[in-house]
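Right, one structure below, let's go through it.
Throughout, read-outs are computed from the coordinates displayed, never taken from laboratory work. None of these values were measured; they are calculated from a predicted model. Here Cβ is always computed from backbone atoms with ideal geometry, including for glycine, and neighbour counts include all displayed protein chains.
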Amino acid sequence: MSTLEPSSDPGGTGARRRRPGGPGGARRHTDPALDRLAHAVLWPGFAGTTAPEWLLGAREAGAPGAVLFATNIDDGDPHQTARLVAELGGPDAVVGIDEEGGSVTRLHARAGSPVPGHAVLGRHDDPAATAAVAARIGTELAERGIGVDLAPVADVNSNPANPVIGVRSFGAEADLVARHTAAYVRGLQGAGTAACAKHFPGHGDTATDSHLGGARMSASVADLEEIHLAPFRAAIDAGVRAVLTAHLVVDHLGPEPATVNPRATALLRGLGFGGVIVSDALDMRAISATLGIGGGAVAALRAGVDLLCLGNAGVYPATAADPRPDERTYAQTHRAITGALHAGTLDPESLEAAAERIAALRAWVAEQRTARTGAAGPAPITDRSAIDVARGACDVQGDVGLPAGATVVVVDGRAGRNEAAGAVPDPVGIALAERRPVTTLRAGDTAPGDLVAAAVGGELVLVLDQPHVHPAERDLVVAVLAARPDAVVVRLGWPGRLAMSPARMVTTFGSGAASGWAVADLLVGPG
C-alpha cells in the first residue's frame, strides 16, 4: 500500500478514545496529573542568558526543558551555554537548538558558522564530509550539554525561489538530499546528540515562508511520495530520533497545515517512525495568526505531535502591559492544553504516550554520550577542511582574483533575510578584512552611485543573497555593473537566473563563515 493512502487511524498513535464521565469525558475539577501532563509536552523559548524563574518553575512542574536561540547565547563566554543548560537541569533536561551549519547557527550567530551549510555539502557531495560536519556540530553541542539539534534540513529545494529553505537544503534532487540527510544524522548522533530531521513532509517546493504566513505545497501524490518523502525515509533508516513538522498545507492531505493535520502525522508514523514528533515553532504566523499559539498547540497534540516548540516570545519587546512575553506565552499555552484536557476534547492518554517518547529521547541521549566515552566515531571536520569543502563548492565565473595592493571596497547589498537564520553578518567582508585593508559599506545606507564612487581606482566586491528573488538586489546589481562591469559579485544564496551576467562572480551556496573564508581564498589567496 502506498504510504499516501488514507489511514483508518489518522492520529497515527491509536484512536483518540474519550473517557467516560460526561460529554467527551469531561473532568470539572482541578487534576494535578493533567496539569503536569500539559507541562510535559511544552518546549519553550525564553529571554536572557540565564534561566528565568518562571522557566525553572515550569521545569519543576514537568516541562522537559527548553529550546535555545541566539539571544540565549553569550558567544564571548565559552562556558556560559553549559552553565545555562545546567540551570535547566543538565542531563535531566531536553535542551534543543537550531545548529545547522552555514546560515543557521545559534552558537555562532555573531561571527557565522565555522562549518559549511547543507547546500555547500550537497555540492561537494561527499557523505563522509557531511558526517564530519555533523560530528563537529554534535560534539560541540554535547560539550555544552545540549541534547537535540533541530537538524538536518531534509527538504528537497525544488523551487529556486523558495524564501525560507534555499541553501539550507542539500539540493534539488531527492537522491542527493536523502544520502546527505542520512549522513548528517549518523554524524550528529554518533557524537551523542539527537538529530531532528525537518520540515516534514517537505518544505522545499514552496514560495511562502511559514514564519510570515500560510505556505502551501501542491505537489502531486507521486512527487510527494518519490521526491519529498525520500529524505525522511533515509533519516528514519539512519535511526533519526526526532522529526519536526512543517506549517504548510499539502493539498491532497487536507486543508490543515501538517503540524495540526492528523493525516500528516499518520503519514510519518506510516513510514515507520517511532520517535518524537516535534512541532515547528508555534509562534510562526502560519499558526499564531490563524489558530493562535494555544489553539495551535491543542490542535497539534490532537493531530499526534509529541513535543510543542513554542518559539521564542522572549525576543519580542517587553512592555509595561506585557513585561514577560515569554512567560505569558507559556502560561497561555499551558492553560489551553489543560482546558482541553478538562473538557475532554484532548485525550490524556495521547499526552502520556508523548511524554514517554520524550523521556525515551532523553534516555537515549544520556546512553549515547556514556557509550561514546573513549569510543571511535566520525571525526569532526577541521577548520581548514571546512574551508576547503566550501571553496570546492563555489561556482566561479571569470578571474575573481584581486591585485595585490589594490584598495578594496566591499558592499553588503543583501536585501533579503531568511527568517530562520535571522540577521547574518556579511561573511565575505569579515573574511577579507582579516587579510586586506578593506572599506565595507551597506547598500541600504548609500546610493548606488556613491557606492561606485567609493571604489574608484580600486576593486569593488558586491555581496548579494538571491538577486533573482529580491528586487532591490536585482536593481542594485544592474546599477553597479552598468558603472563597474569589472566588479566582483558574490552571491551567497540559492542561484537563479540574473537580469545580467557578471563577468566576475562567485556563487557560494552558503553564507556561513566557512563560505566567507572560501571567498577570501579565491579573491586574495589563503590566509
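Residue-normalised convex hull volume from the C-alpha trace of the stretch 383-524: 101 Å³ per residue. When restricted to Cα atoms, the stretch 97-213 yields an Rg and a Dmax of 13.2, 38 Å, respectively. Spin-label model, ASP395 to ALA33: label points 7 Å out along the Cα-to-beta-carbon direction sit 6.0 nm apart.
Taking every DSSP bridge with both residues inside the stretch 383-524, close to 15 percent are antiparallel.
Highest mean first, the peptides 314-327, 137-150 sorted by other C-beta atoms within 10 Å per residue fall in the order 137-150, 314-327. Computed from phi, the 3J(HN,Hα) profile of the stretch 58-75 under the Karplus parametrisation 6.51, -1.76, 1.60 (θ = phi - 60°) reads 5, 4, 4, 7, x, 5, x, x, 7, 10, 9, 10, 4, 5, 8, 10, 9, 6 Hz, with x in place of Gly and Pro.
At a threshold of 8 angstrom on Cα-Cα distance, excluding pairs fewer than six apart, so keeping six or more, what relative contact order does the chain reach in percent?
Averaging sequence separation for qualifying contacts and normalising by length gives 18 percent for the chain.
Listed highest first by mean packing, meaning other Cβ atoms within 10 Å per residue, what order do 160-170, 352-362, 265-275 come in?
160-170, 265-275, 352-362
If I compute Cα extents along the principal axes in Å from the structure I just sent, which labelled value in (1) 83, 53, 48; (2) 77, 52, 49; (3) 91, 53, 42 lines up? The value computed from this structure is option (1). Under a 5 Å amide H cut-off, with hydrogens placed 1.01 Å from N, THR439 pairs with VAL408, VAL409, VAL410 among residues at least 5 apart or on other chains. Per residue, the average separation of C-alpha pairs within less than 8 Å and at least 6 apart gives the stretch 383-524 a relative contact order of 37 percent. For the chain, the antiparallel share of DSSP beta bridges with both residues in that region comes to about 10%. How much net charge surrounds MET505 when only the other residues with a Cβ under 12 Å from the Cβ of MET505 are counted, with Lys and Arg +1 and Asp and Glu -1? Around MET505, the charge tally is -1. Amide H contacts for CYS196 (H built 1.01 Å from N in the peptide plane; partners 5 or more residues away or on another chain; cut-off under 5 Å): ASP149, ALA151.
Placing +1 on the Cβ of every Lys and Arg and -1 on the Cβ of every Asp and Glu, with nothing else charged, gives the stretch 155-238 a dipole about its Cα centre of roughly 320 debye. Subtracting the Cα-Cα distance of ARG83 and VAL478 from their residue separation scaled by 0.36 nm leaves 137.3 nm.
Among ASN261, ALA453, HIS118, pick out the residue whose Cα is farthest towards the positive end of the charge dipole of the chain, where Lys and Arg carry +1 and Asp and Glu carry -1 on C-beta, about the Cα centre. Farthest along the dipole direction, towards plus: ASN261. Taking θ as phi - 60° and the Karplus parameters 6.51, -1.76 and 1.60, the scalar couplings of the stretch 434-439 work out to 6, 10, 9, x, 9, 9 Hz in sequence order, x denoting glycine and proline. Across the options GLY166, LEU188, GLY239, the greatest Cα extent toward the positive end of the charge dipole of the chain (unit charges at beta carbon of Lys, Arg, Asp, Glu) belongs to GLY239. When the charge dipole of the chain is built from unit charges on Cβ atoms (+1 for Lys and Arg, -1 for Asp and Glu) and taken about the Cα centre, the candidate among ALA514, ILE146, PRO348 whose Cα reaches farthest toward its positive end is PRO348.
Using a simple charge model, +1 on the beta-carbon of Lys and Arg, -1 on the beta-carbon of Asp and Glu, nothing else, what dipole does the stretch 383-524 show about its Cα centre, in debye to the nearest 20? Working shown, then result.
Values: 12 positive and 16 negative charges, 26 e Å.
Dipole size: approximately 120 debye.
Computed from phi, the 3J(HN,Hα) profile of the stretch 252-267 under the Karplus parametrisation 6.51, -1.76, 1.60 (θ = phi - 60°) reads 7, 8, x, x, 8, x, 3, 4, 10, 10, x, 6, 6, 5, 5, 4 Hz, with x in place of Gly and Pro. Given +1 at the Cβ of Lys and Arg, -1 at the Cβ of Asp and Glu and no other charges, the dipole of the chain around its Cα centre is 720 debye to the nearest 20. Under 5 Å between amide hydrogens, built in the peptide plane, is the criterion, and for ARG504 it picks out VAL489 among residues at least 5 positions away or on other chains.
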